[in-house]
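Contents: one structure, followed by commentary.
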Amino acid sequence: MFELLGVPPQALFGQLLLGLINGSFYAILSLGLAVIFGLLNIINFTHGAQYMMGAFVAWMLLNWLGLGYWWALVLAPIIAGVTGVVIERLFLARLYHLDHLYGLLLTFGLGLIIEGLFRNQFGSSGLPYQIPAELRGGQNLGFMFMPNYRGWVVVASVVVCLATWFIIEKTKLGSYLRAATENPALTEAFGINVPLLITLTYGFGVGLAAFAGVLAAPIYSVNPTMGANIIIVVFAVVVIGGMGSILGAIVTGFGLGIIEGLTKVFYPEASATVIFIIMAIVLLVKPAGLFGRTA
Amino acid sequence: MADTAAYGTAPAGLALPETKGASALHRAIFIALAVALAVLPFIPVIGYPFFLMKVLCFALFACAFNLMLGYGGLLSFGHAAYFGLASYVSAYTAKHWGLTPELSILLGTASGAALGFVFGSLAIRRQGIYFAMITLALAQMVFFFSLQTPRFTGGEDGIQAVPRNNLFGLIPVGSDLAMYYLVATVFIVGVLLIYRVIHSPFGQVLKAIRDNEPRAISLGYRVNQYKLTVFVLSASLAGLAGATKAIAVQLASLTDVAWQMSGEVVLMTLVGGMGTVFGPIVGAAVIISMQNFLSGLGAWVTVVQGLIFVVCVLLFREGIVGVISKALRRPL
Amino acid sequence: MVEASDDNILVTEGLTKDFKGFTAVSEVDLAVRRGSIHALIGPNGAGKTTCFNLLTKFLTPTRGRISYNGRDITASKPADIARLGLVRSFQISAVFPHLTVTENVRIALQRKRGDSFDFWVSERVLSSLNAEALRLVEAVGLADFAEATAGELAYGRKRALEIATTLALDPEMLLLDEPMAGMGREDVDRIAALIRKVSANRTILMVEHNLSVVAELSDRITVLARGRVLAEGDYATVSKDPRVIEAYIGGVGHG
Amino acid sequence: MVDTAADTTAARGAASTAAQPMLAVNDLHGWYGESHVLHGVSFDVAEGEVVTLLGRNGAGKTTTMKSIIGILQKRQGSIRFQGEETIGYPSRAIARLGIGYVPEERGIYSTLSVEENLLLPPLVRPGGLSLDQIYELFPNIRERLTSQGTKLSGGEQQMLAIARILRTGAKLLLLDEPTEGLAPVIVEQIGRTIARLKRDGFTIVLVEQNFRFAQTVADRHYVVDQGRVVDMIPNADMDRNIAKLHAHLGV
Amino acid sequence: QAQQPVPIKIGVLNDRSGLYADLTGEGSVVAARLAVEDFGAAAKGLQVQIVSADHQNKPDVGANIARQWYDNDAVDVIADVPTSSVALAVNQITREKNRILLNSGAATSDLTGPQCSPNTVHWTYDTYALAQSTGGAMVRAGGDTWFFMTADYAFGHALERDTAAVVQKAGGRVLGAVRTPFPGTDFSSFLLQAQASKAKVIGLANAGGDTINSIKQAAEFGITQAGQKLAGLLIFITDVHALGLQTAQGLVLTESFYWDLNDGTRAWSKRFAALRGGNMPTMVQAGVYSAVLHYLKAAAATKSREAAGNMAWMKANATEDPLFGTGSIRPDGRKMHPVFLFEVKKPADSKGPWDYYKQISTLSAEQAFRPVGEGNCPLVRA
Ligand SMILES: Nc1ncnc2c1ncn2[C@@H]1O[C@H](COP(=O)(O)OP(=O)(O)OP(=O)(O)O)[C@@H](O)[C@H]1O
Ligand SMILES: Nc1ncnc2c1ncn2[C@@H]1O[C@H](COP(=O)(O)OP(=O)(O)OP(=O)(O)O)[C@@H](O)[C@H]1O
Ligand SMILES: [Mg+2]
Ligand SMILES: [Mg+2]
């Protein structure tokens, strides 16, 4: 058998698969960001906190109400989405006529508040959350041991991503959303309820973040900073894909997961930087990102 | 080409009356600022020189950032890179080469400028949110570089116990008070320079580019060179602030290059009022004091900080100085 | 083929622009005589604005050559073209919205001071330009608005300001994209007079739908349709051309 | 000044006694932030009528249109559509009553394809034009359906902006300078379109600079100056009043 | 007592909002208060005030607070200070201002090595002791081949280096190491590499969230079930609590204190837990208690706030408290007490909340801590 730079092909295969799983989180999170940025023109710095909320809500559902993982997968995005709706109505709705900067600042502040409140309530070292019984164990694929749960993560995220993409790019609702983003006043003057659309969109984007949070709870540390750690990378993913491009967010999310995975094998020291290097290169060559539309 | 005869012959006093009044006001504010800086250390509670030095360094940093955002219309999300690199360079040269403060600071500033030139050349070709993101990406690389070259940066420990060598090899600045006056001088010079840049012919063109770039191009301005110039100026001044800070607080650390620092300087500028001359100074003072005086609140600090930002965005959008400037109907 | 002679300040040969398989400008040979007012007309979507964008390099031609004053500028940058004295206005009005009207004009006047990277100099040196700026502002009828912020002007006034700014560069050749669009009658007449006045020792190439203005001002007219040159000549010739009438003017001309 | 004001009042009085007007604007004030732009605009439009607003640049024509459709945030006075007071409604509710708006800057969406732009406004009433009728009217549009909306030329965008409103079945159309930047052939076509819409029972308020064109399509003309309606000229009397009109427009 | 009470100000400086807030944070303040209470400071002529602040794990923030406390607030002693980089910065300033640092939270053995100071006592544990106990004891228990997952920053490198040295000295072999980005979220890639190395022990040379994530994912990939052991080189009981026994079972780690060691620790911990919503103390919090108690004894004895005198008293007299038993402070500032190697229990073996550890072995202070001559401490070079 051949080896690639000293790495046997089976191991490489395993790593590719892991990269894909990692990419699933990037994809859902960047999708949520892209939906919010693309349709609301808000750089949602609260996204990390909302992802974290998803995981914590799953924990609360389990420990306070006895509702398990599957319930959490449905309820946590809805609960987080409702908080998103409240945030949008109370705060963001006042900022649409302003520069991106203000939305960024506001969501940054909200992120701090949410993170701080959770830290006060739950401490910072995190909470336990188990993999649901149905998905414990794994398959021996020959070249690696593949936990069932990871397989489920990939399937769930692919389904969610495709469904979202379809709604926004291919349906009437999607064209309303895009129009509302670009020129809300005029869109409303056509009889479309823009404020409602925007509110629901934000709620949906937040729901996506929380969904990723629930998916993450059994395998990543459930702690108040879990979102802050991942969010900068996800921003980079969105930029590489093209701000606001739904397809871009999805494809780049998975793609970068894989690239990052490979870097972890060949040159682990660079695995934290590789996404930023790619981002710099991509932006120099394709200013609007891989899938971005130039205005 | 007959019209060009108008040059020089037109009465020089034709400056727009409003600008004239404003510049008198600005002069008064600068004088008041200088006087305040001179006596502040002798005022109890807030007059703690160490705290003041920190405020001044960050105020200069915020002013440098504002030069680019408020006047150049370029939102950089990676300004910590210049601030941080310069603080490492000045700390390193002071500690390991034994350079005098003015030389360390100069070298730090130069490194900020050089990095600004490299990053600027890459970034100015892009606009808006992409510009912000590419600067963020480049700055992240500086961060990881700093984390992974402990030999130069001291890794997560930073460069600690940076010596305050004698200024020009002669004047001792070891005491906090002496150092404070050095920092205050650097600060005033830096802010005056920024003020001059804003109110120069160059600054005028910059405002025009910010307003309508294609139009500026069609008038024959090579906008990229202007953007690069302001980028490098801003990076150098950010470097100046970082280099001075390293000597003043005797520490250069990863905090200075982290993305949160880039975020903080945006916040300072916004809280104070972007596009105002004095806003970033006020903003920096507010944010730094807040961090200082709230540190006893423990885990609630982040919540309080977050609340302040939310309130600012919702209620004081123009920033503190912006609001005042609006009330006075004078640019500040 | 148009012969490049000293008489022609601007010459294009085979100028073509494709947008993803759609050819907006196709094999256009254009020759603009020095000192003339040349109009470019044609139905909507004929490629006029695209042509302007190609001439000033805001777009890169797919094929073809552009020469200006005998010099090949096909590969020049937009700012450099402006520096050669070939300056454009925009179809969608282009002002610096946060500067005052006078400052808008002054920005253009400042260009002639050379590249002002002099960030260490006080802007007071610019006040020497104020008189000239005010003169131009008056010339386009904006004297009452000299200190107003440009962004708050009504549309028509923005157009007037844009023309003043363009004139401030004292360009050798001026490209005007629909200078009259959105203007009231009184302004149309004033701007037409202004264009006539400033054309004295300049060349002007303009796109305009207001046929009375075109008829009144232009020495020569090129009609574009579907990206190609359909007809060329003076107003009398062109307006009688049946193809032009069919494609552009229609049964009854307005104005 | 005095007598023109009296004219307007008289005309309004006549219209309101005859039948309820489709649109009645009364003492409308409007602001952009602090700046007071409309100072009591009053006029009305009967069902099936084509009415123009004429006036110099900056007179307040566009602002009046924006107030009617509800885009202008700060407005006061009375705007009745088919008897219903709309001054407090959000613009979506006003549009849903059956008012279609073509903005001055056209408002084509760059994130939508031409086709999506065309299909965007929801149908508010039955009886709008079918797609085939629209393509017949504006053949350019059919050719470019998949393009990005703002990649169309200025004129094409104008056509698209009108076309998308015709689909919705709105009975009152607000057209802000629909002929600006259009080739004479297209202007003519738009003139024919307006005539046909009028025949089909649409009511149209038109802002125009080109009053020769306005004359070919309109029933009445309101003259707007400095945020007020200062005169009303029936189309039939246009030729007699041309001097007065020129005086208003400062020609 | 007729004498004027001696005013003493103790500043508890630690992480109150970040990763280490649970294992230091407010709990350390509570521990310090308990020490003041237990000592009966007021009765012994001391007027003790405790202040606290959050250093956010940033050296500049920590240094800044320390400076202000010393310059403006008349703080005599700073206690706790987790996070090595902050500890080193505060160490520096304390020496400059001639006060006292009682460090409980930081791991770096440099505090009693090249950076040792006459003004600092390093109380609870250090990287050397952790390596000695975890590395040495594991090899002796048969875990003689190691693979390291090392967080890619100076502290991670130091942990790996120290432990690898101990492993090799004890006769074990290091099969490989991988540098993981810091901070990281997904470690599965590295775990696969560790698994492929077939090492018997996977050493986690990381801290905080990185450690928790790696342990969680190791459980998911069935690494412990397949027979490899995880050794946490810097992990605390709060981390185990966060992981849950289901996930953490089998993990091996070193601490110098556990609430369930003896009656003394149990009694004190129960009081502590009552004040902390049921959370048991960590070794860092216990260390703060022990350190403050010893300092108060010194201040009461010298009847002074003066640093040198109190420091001399502290080093000259044995420490004595229910949590760490009898101990002493070496000239280089090292506080000496035994350390313990624990294994995390299986869920079935746990009798209730916080019943997490099974003790595997004990190292005496002399076995655990670096011999005084080997640390390159200038104070003891003589
Ligand atoms: N960037 C672009 N991408 C794709 N197609 C474009 C682009 N720019 C222009 N076009 C197309 O090229 C054609 C010519 O456009 P142009 O703007 O030059 O027309 P014009 O003659 O100026 O028309 P008008 O008089 O309406 O302004 C139009 O069909 C337009 O849709
Ligand atoms: N966004 C705005 N902010 C402030 N003032 C405005 C704004 N838009 C228009 N104005 C002012 O309101 C007044 C009326 O403008 P409006 O656009 O209604 O005029 P108009 O009659 O449509 O002119 P035009 O024929 O040029 O389109 C003008 O004085 C203009 O300067
Ligand atoms: Mg055009
Ligand atoms: Mg208008």
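Structure above, values below:
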item	result
Calculated log₁₀ intensity ratio I(q)/I(0) where the Debye formula runs over C-alpha points of the stretch B:136-219, q = 0.14, 0.15, 0.17, 0.23 Å⁻¹	-0.89, -0.92, -0.94, -1.00
FRET efficiency, 1/(1 + (r/R0)^6) with R0 30 Å, evaluated for B:Phe42 and E:Ala74 via beta carbons	0.90
Euclidean distance between Cα centres, the stretch C:11-55 to the stretch A:217-286, Å	45 Å
Value of Rg/Rh across the stretch C:93-168 [Cα atoms, Kirkwood radius]	0.97
Pairs of Cα atoms farther than 18 Å apart, the stretch D:13-128, %	57 percent
Dimensionless Rg ratio for the protein assembly as shown, taking C-alpha atoms and the 2.2 N^0.38 Å reference	1.04
Dipole magnitude (debye, nearest 20) for the protein assembly as shown, charges at Cβ of Lys, Arg, Asp, Glu	1480 debye
If the convex hull is drawn through the Cα atoms of chain E, its volume per residue in Å³	121 Å³
For the stretch B:44-258: lysine pairs under 27 Å (alpha-carbon distance), excluding those fewer than 8 apart on one chain	5
Fraction of beta bridges assigned by DSSP in chain E that are antiparallel (%, nearest 5)	30 percent
MRE, 222 nm, helices only [DSSP H, n ≥ 4, -39500 (n - 2.57), over chain B, to nearest 500]	-23000 deg cm²/dmol
Debye intensity ratio in log₁₀ form over the Cα atoms of the stretch B:44-258, taken at each q of 0.10, 0.13, 0.18 Å⁻¹	-0.43, -0.70, -1.18
Over chain D, volume per residue of the alpha carbon convex hull, in Å³	125 Å³
Candidate lysines for bridging to E:Lys358, where Cα separation is under 16 Å - those fewer than 8 sequence places away on the same chain excluded	E:Lys229, E:Lys345, E:Lys346
Percent antiparallel among DSSP beta bridges (both partners in the protein assembly as shown, rounded to 5)	50 percent
Nearby aspartates and glutamates by direct alpha-carbon distance to C:Lys240 (threshold 17 angstrom, same-chain neighbours under 8 apart not counted)	C:Glu216, C:Asp219, C:Glu232
Set of aspartates and glutamates with alpha-carbon distance to D:Lys171 below 13 Å, sequence-local pairs under 8 removed	D:Glu47, D:Glu49, D:Asp200
Helix C:155-168 vs. chain C, principal-axis angle (Cα, 0 to 90°, nearest 10)	80 degrees
Inter-probe distance in nm under a simple model that places probes 7 Å from Cα toward Cβ, at B:Arg27 and C:Ser67	5.7 nm
D:Leu123 long-range amide H proximity, modeled H, under 5 Å	none
Per-bin percent of Cα-Cα distances, chain C [5 Å]	1, 6, 13, 17, 18, 16, 12, 9, 4, 2, 1, 0, 0
Alpha-carbon Rg/Rh ratio, for chain A, with Rh computed the Kirkwood way	0.98
Ascending count of other beta-carbon atoms within 10 Å, so fewest first, for C:Asp7, E:Asp144	C:Asp7, E:Asp144
Between helix D:184-199 and chain D: long-axis angle, C-alpha atoms, 0 to 90°, nearest 10	70 degrees
Residue mean of other protein chain beta carbons inside 10 Å, E:88-98	2
Number of partner chain Cβ atoms within 10 Å, mean per residue of A:270-279	6
Cut-off under 5 Å, modelled amide H: who pairs with C:Leu224 long-range	C:Ile41, C:Gly42, C:Leu230
Local electrostatic count, B:Ala59, Cβ distance below 14 Å [Lys/Arg +1, Asp/Glu -1]	+1
Angle in degrees between helix B:176-198 and the longest Cα principal axis of chain B, rounded to the nearest 10	20 degrees
Whole-percent pair-distance distribution, where bins are 5 Å wide, for the alpha carbons of the stretch A:71-112	6, 21, 23, 21, 13, 9, 5, 1
Sorted by Cβ neighbour density within 10 Å, fewest at the top, the residues A:Trp59, A:Trp70, A:Trp64	A:Trp64, A:Trp70, A:Trp59
Shielding by other protein chains, A:113-121, mean Cβ within 10 Å	6
For chain B, built as a Gaussian network whose Cα springs stay under 10 Å, the top-fluctuating residue of B:Phe117, B:Phe168, B:Phe152	B:Phe168
Fewest-first ranking of E:Met280, E:Met149, using other Cβ atoms within 10 Å as the exposure measure	E:Met280, E:Met149
Derived scalar couplings ³J(HN,Hα) [the stretch D:64-72; Karplus, 6.51 cos²θ - 1.76 cosθ + 1.60; whole Hz; x for Gly, Pro]	4, 4, 5, 5, 5, 7, x, 6, 6
Kyte-Doolittle at least 0.0, axis length at least 24 Å by Cα - qualifying DSSP helices, chain A	A:9-40, A:47-65, A:69-90, A:100-122, A:148-170, A:194-216, A:246-266
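Bear in mind these aren't lab numbers, they're just calculated from the coordinates by the rules spelled out. Fair warning: this is a prediction, and the values are worked out from it, not measured in the lab. Cβ sites come from the backbone with ideal geometry, for glycine too, and all protein chains shown count toward neighbours.
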